[in-house]
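Here's the structure, in C-alpha cells; my notes come after.
Every read-out reported here was derived from the displayed coordinates using simple, explicitly stated rules and does not represent laboratory data. Since we're looking at a predicted model, the values are computed, not measured. No Cβ is skipped: glycine too gets one built from the backbone with ideal geometry, and neighbour counts run over all protein chains shown.
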Amino acid sequence: MAELHSFHIFFRQRCIHRYLCSDAVVTAVKRCMMLDNGRDKPSPRNDGERSPTESAEVADELAEYNPHYEKLLVGFMAGLSSFCKTIHVTNELERPNGLSVSYFNVCATSTFKIHYFETITGYKLVCITSPEVANLELTMSAIYTDLLVNMVLSNPLYTIGGMINCPEFEDVVAKTLRANL
C-alpha cells in the first residue's frame, strides 16, 4: 500500500514548510532527538496512548524535535546530491535538464523512498514515501510551479526564506501528493 510519510520544503539549508503525516516519520523525528540527547532507545508507549499523529500535543512536541531531524535530512540530501554530481562530472554525463537542477530524483531503500526536487533558486522539495510509490518528479515540479510559486512566492506579504504558514497551501499540497501516490 502506497504511503506518504512526510513532505518538506527547504530554502537553501532551512526548512520553511513541513508536513508530517505518518507514525513512522513522527517516530523517526522523536528518535533523532533522543539519540541527540544520549538515549539510544525510545521510551515505550503505553497501550492506551493515542497515535502521535492523532494527538493534539504533537505539533508542540515536534516543534522541539524537527530541527534535529531536518538538519540530518538536509545534510543527507546535500551529501547525496554532491556525490551524484561528482559521478556525473567524472563520467562526463549530461547535466540535468528541465526545471530541477539536482543530479538525482529518487533514492530508494527497502523501507522508504526519498523523492527530491531542487531548483536553481535554492528551493528543495523532499518527499518521503513507501518504496512502491512511483517517481514523483512531475508531481514535485507541479507543486513548485503551480503551488509554491503561485500561492506563496508571488504573495507580496511573503518574505523569501520565511516559514510558510498557509493552511490552504498545506491542504492543496497534501491533496496533490496523495492523488499522485
Run the numbers for I160 and T109: contour at 0.36 nm per residue of separation, minus the present Cα-Cα distance, in nm. 15.0 nm
Report the label-to-label distance for H88 and D23 in nanometres (one decimal), using points 7 Å from each Cα along the Cα→Cβ vector. 3.9
Cα→Cβ-extended label distance, 7 Å offset, between R14 and L72, nm: 2.3
Quick check: residue separation of K175 and N150 times 0.36 nm, minus the Cα distance between them. What number comes out in nm? 7.3 nm
